[in-house]
Amino acid sequence: MTLLEGRGLSKRFGGVTALDQVSFSVEEGTIVALIGPNGAGKTTLFNLVAGALKPDAGQILFAGEEITGLTANVTCRRGLARTFQVTRPFATMTCLENVAVAVVNSPRSRANGTWRLSAHECLKAVGLGDLAHIEARHLNVVQKKRLEIARALATRPKLLMLDEVLGGLNTQEIGQAVDFIRSLRDEHHLTVFWIEHVMGAIMQAAEKIIVLDQGRRLMEGSPEEVVKDSRVIQAYLGD
Amino acid sequence: MTDRRFFVILFVAVGLLSLLPLGLGVYHLHVMIVSLFYVMMASSWNLLAGYTGQVSFAHAAFAGIGAYTSGILAAKFGLNPWIGVFIGTILAALIGLGMGILCLRMGGIYLSLTTLGFSEILRIVITNEYEITRGTMGLQVPGLVADYSKPAYFYIMLGGAMLTLIVLYKLIYSDIGLNFRAVQNDERAAASLGVDVVRMRVLAFTVSSALAGMAGGLYGHYLLLITPEIPSLDQQFLVLSMTVIGGMGSFLGPIIGAISLEIFSEYIRAYGEYHVLVFGLVALVVARFAPNGLMGLAEHRLRGRRKASRTVSAAAG
Ligand SMILES: Nc1ncnc2c1ncn2[C@@H]1O[C@H](COP(=O)(O)OP(=O)(O)OP(=O)(O)O)[C@@H](O)[C@H]1O
Ligand SMILES: [Mg+2]
């Protein structure tokens, strides 16, 4: 079943066409990667889907309902969570409080009334359990990315949208991160939509890859198909 | 801070302050009454500026709305002043709500501009509607108690301040307070986690305006003469200075700032009415070099143990 679908999405910033008639779909229970050279429009696509920006044209459907133009807080409540490529922690709040914001606003995690426990669980899941009471401004870049993921998980999403979360990790840590993201899908039945530059990780984890180039959808296919595609190679080398 | 600790500290402080009328003369009691008015004003302004990062220049104007509403109802229509204060509070809340809905969708700077304009319009209206407000002459209003006495007003203002602080505490240390701080830190991130940013700002503005309305209403019936001084921009900048110097975004900061600046201004009053200007300049320097004010400096000294325990309990309570 299709969980997320974009139809003919376009977005311009002044003279720059960041996205041009892009259509795509993300099937429920899969890990779908979104790749492309710098400035291809990947983050812009996330911003449109999550409601941070409104598209100039096109439609977005989530779980069978149209969500085009809904604001970010509404899409979040519908079950769509995203991380920010340039992290946006609540600097003067502790890690636990950062995650608690997501928990208290989630119609799903509120049900059992034990949000503090669940906020802790989310922090522990990303390995920040020991830093729960540290103010977020003291975290390093890698830890801030983890906090982004913890907050997103704490909203109890159906769809998790990750924007370059592996930056700054070594090979071994990347392996662990990939295992973690897979486990989210396998054990918690999350659907993952994932922007990443680290191709090794994508090749291991993704069932499907969507390639953007200069605001257009270049191709879509399995990891094997994508690496063999001459247009993709061209887009990356020509960049 | 845990609930228990807050209420223990509050009740001990109120208990000790209750003894003041026994030892203080009429003049010093007056200074304390005015201080309590500013405690209400600065603390409620802090909810807005310190916890959601929006600057309103109409806080004194809302105090004026409270004061004039209650004053006019009592002086012209013979309404019981207590009911008048209540109505003034509600009216301030409603106007705050309306203004919030109109301009907070567009962002914080619009609130600052709108409230600045609103303050000025209100001043002009009050000054010109002589028939109703007695303009700069001032409107004579009845008191809140049958027999005027400073101790009675001291206890009334103490009660008002206590109520204000309890409301603020309950709000700040709730899920809503958590959302306020998230909005102040980063509204886009807050929205992405499900926070309704506009609603949070409107809520903070409404509550803050209502509390200013109540403070103004009580204060007007203490002064017995309501003048455009109450909703003036002078007054606004005094409240701003008290909050900034005391420590914006900390619960205790505005309380310390209000009491110390009011007492201090009594001392320098002899040198003319420049105190607002002086405080404004001090507030500018503080904002630049010690953005967390006196409380920030104090906390800096006690850093480590104290700070850790404060943030931990904030998360837990
Ligand atoms: N808010 C904005 N205002 C103006 N231009 C923007 C804005 N956001 C993105 N752009 C432009 O749109 C284009 C696509 O940017 P986007 O951030 O979506 O690329 P990306 O694929 O995420 O790149 P990267 O891999 O570097 O993160 C770029 O040319 C960028 O400069
Ligand atoms: Mg990007």
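The values are calculated or read from the model by the stated rules, or taken from the named source; none is laboratory data. Here the structure is a predicted model, which is why all the values come from computation and not from measurement. Note that we place each Cβ from the backbone using ideal geometry, even for glycine, and neighbour counts take in every protein chain shown.
Yes/no matrix, rows are residues, columns are (1) in contact with a strand residue (DSSP E or B) (Cβ under 7 Å, 6 or more places away or on another chain); (2) under 29 Å from A:Ala235 (Cα atoms); (3) within 11 Å of another protein chain (Cβ to nearest Cβ):
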position: A:Phe46; (1), (2), (3): yes, yes, yes
position: A:Lys54; (1), (2), (3): no, yes, no
position: A:Ile60; (1), (2), (3): yes, yes, no
position: A:Thr71; (1), (2), (3): no, no, yes
**Report entry** Residue satisfying all of: in the stretch A:134-172; away from chain B (no Cβ under 14 Å) and within 16 Å of ligand 2 (Cβ to nearest atom); surrounded by the fewest Cβ atoms within 10 Å (Cβ to Cβ) among these
**Finding:** A:Val141
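Results for (1) in a strand (DSSP E or B); (2) in contact (Cβ under 8 Å) with a residue 24 or more places away in the chain; (3) closer than 19 Å to B:Gly194 by Cβ; (4) more than 15 Å from the chain's Cα centre (by Cα), shown as yes or no for each residue.
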residue: A:Arg12; (1), (2), (3), (4): yes, yes, no, yes
residue: A:Thr17; (1), (2), (3), (4): yes, yes, no, yes
residue: A:Asp20; (1), (2), (3), (4): yes, yes, no, yes
residue: A:Ser23; (1), (2), (3), (4): yes, yes, no, yes
residue: A:Pro37; (1), (2), (3), (4): no, yes, no, yes
residue: A:Leu45; (1), (2), (3), (4): no, yes, no, no
residue: A:Val49; (1), (2), (3), (4): no, yes, yes, no
residue: A:Pro55; (1), (2), (3), (4): no, yes, no, yes
residue: A:Leu61; (1), (2), (3), (4): yes, yes, no, yes
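Taking the options A:Leu184, A:Leu131, name whichever one is more than 16 Å from ligand 2 (Cβ to nearest atom) and within 20 Å of the chain's Cα centre (by Cα).
A:Leu184
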Query raised in the report: Where in the stretch B:167-259 are the helices (runs of 4 or more DSSP H), entirely inside, with at least 1 residues that are closer than 30 Å to A:Ala50 by Cβ and within 14 Å of chain A (Cβ to nearest Cβ)?
Result: B:175-185, B:187-192, B:197-223
Query raised in the report: Pick from the stretch A:19-43 the residues that are surrounded by fewer than 23 Cβ atoms within 10 Å (Cβ to Cβ) and within 13 Å of ligand 2 (Cβ to nearest atom): which of them is modelled with the highest pLDDT?
Result: A:Thr43
Query raised in the report: Looking at (1) of a type outside the set (S, T, N, Q); (2) at pLDDT below 85; (3) crowded, with 21+ Cβ neighbours inside 10 Å, can you tell me which one B:Glu299 breaks?
Result: (3)
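Do we have A:Val74 as touching a Gly at 6+ places or on another chain (Cβ under 7 Å), at pLDDT 90 or above and within 16 Å of ligand 2 (Cβ to nearest atom) here? Even if it seems obvious, please write down each step before you answer.
Values: touching a Gly at 6+ places or on another chain (Cβ under 7 Å): yes; at pLDDT 90 or above: yes; within 16 Å of ligand 2 (Cβ to nearest atom): no.
So A:Val74 fails the test.
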Query - Any chance A:Ala205 is closer than 26 Å to A:Leu123 by Cβ, within 14 Å of another protein chain (Cβ to nearest Cβ) and more than 16 Å from ligand 2 (Cβ to nearest atom) - result: no
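So, A:Glu148, is that one assigned by TED's automatic domain parsing to the domain that holds A:Glu97 and either closer than 28 Å to A:Arg12 by Cβ or at pLDDT below 90 (or both) or not?
Details: assigned by TED's automatic domain parsing to the domain that holds A:Glu97: yes; either closer than 28 Å to A:Arg12 by Cβ or at pLDDT below 90 (or both): yes.
The answer is yes for A:Glu148.
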Report summary line: The condition from (1) surrounded by 22 or more Cβ atoms within 10 Å (Cβ to Cβ); (2) in contact with a Phe, Trp or Tyr (Cβ under 7 Å, 6 or more places away or on another chain); (3) under 27 Å from B:Gln184 (Cα atoms) that B:Ile33 misses is numbered (3)
Query - Among (1) aromatic (Phe, Trp, Tyr); (2) facing chain B (nearest Cβ under 9 Å); (3) over 13 Å from the mean Cα position of the chain (by Cα), the one test that A:Phe84 misses - result: (3)
Query raised in the report: Of the conditions (1) touching a residue at least 60 places away in the same chain (Cβ under 8 Å); (2) buried (at least 20 other Cβ atoms within 10 Å of the Cβ); (3) within 16 Å of ligand 2 (Cβ to nearest atom), A:Thr191 fails just one. Which one is it?
Result: (3)
Report task. For A:Thr94, work out the one condition from (1) over 25 Å from B:Val195 (Cβ atoms); (2) among the hydroxyl-bearing types (Ser, Thr, Tyr); (3) over 16 Å from the mean Cα position of the chain (by Cα) it doesn't fulfil. Result -> (1)
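A quick yes/no check of all residues on (1) free of Cβ contacts under 8 Å to residues at least 60 places away in the same chain; (2) among the aliphatic types (A, V, I, L, M):
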residue: B:Gly66; (1), (2): no, no
residue: B:Ile83; (1), (2): yes, yes
residue: B:Thr89; (1), (2): no, no
residue: B:Leu94; (1), (2): yes, yes
residue: B:Gly98; (1), (2): yes, no
residue: B:Leu102; (1), (2): yes, yes
residue: B:Arg105; (1), (2): no, no
residue: B:Leu113; (1), (2): yes, yes
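Looking at A:Lys42, A:Lys54, which one is within 15 Å of A:Trp194 (Cα to Cα) and of a type outside the set (Phe, Trp, Tyr)? Please lay out each step first, then the result.
Details: A:Lys54 fails: within 15 Å of A:Trp194 (Cα to Cα).
Just one listed residue meets the conditions, A:Lys42.
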Query raised in the report: Pick from A:Thr94, A:Thr87: which is of a type in the set (Ser, Thr, Tyr) and within 17 Å of A:Leu160 (Cα to Cα)?
Result: A:Thr87
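So that you can scan it fast, the table gives a plain yes or no per residue for (1) farther than 24 Å from B:Gly296 by Cβ; (2) charged (D, E, K, R):
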site: B:Arg181; (1), (2): no, yes
site: B:Asp196; (1), (2): yes, yes
site: B:Arg199; (1), (2): yes, yes
site: B:Leu211; (1), (2): no, no
site: B:Gln236; (1), (2): no, no
Query raised in the report: Of all residues in the stretch A:18-49, how many are of a type in the set (S, T, N, Q) and more than 8 Å from ligand 1 (Cβ to nearest atom)?
Result: 4
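Of all residues in the stretch A:1-22, count the ones that are touching an Asp or Glu at 6+ places or on another chain (Cβ under 8 Å) and either hydroxyl-bearing (Ser, Thr, Tyr) or closer than 18 Å to A:Ala50 by Cα (or both). Talk me through it step by step, then tell me what you get.
Our first condition is that a residue be touching an Asp or Glu at 6+ places or on another chain (Cβ under 8 Å); within the stretch A:1-22, this holds for A:1-3, A:10-12.
Retained after the next criterion (residues that are either hydroxyl-bearing (Ser, Thr, Tyr) or closer than 18 Å to A:Ala50 by Cα (or both)): A:2-3, A:10-12.
Result for the stretch A:1-22: 5.
Quick one: is B:Arg123 assigned to a helix (DSSP H, G or I) and within 14 Å of chain A (Cβ to nearest Cβ)?
Values: assigned to a helix (DSSP H, G or I): yes; within 14 Å of chain A (Cβ to nearest Cβ): no.
No, not satisfied.
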Query raised in the report: In this structure, does A:Val86 turn out to be surrounded by fewer than 24 Cβ atoms within 10 Å (Cβ to Cβ) and assigned to a loop (DSSP other than H, G, I, E, B)?
Result: yes
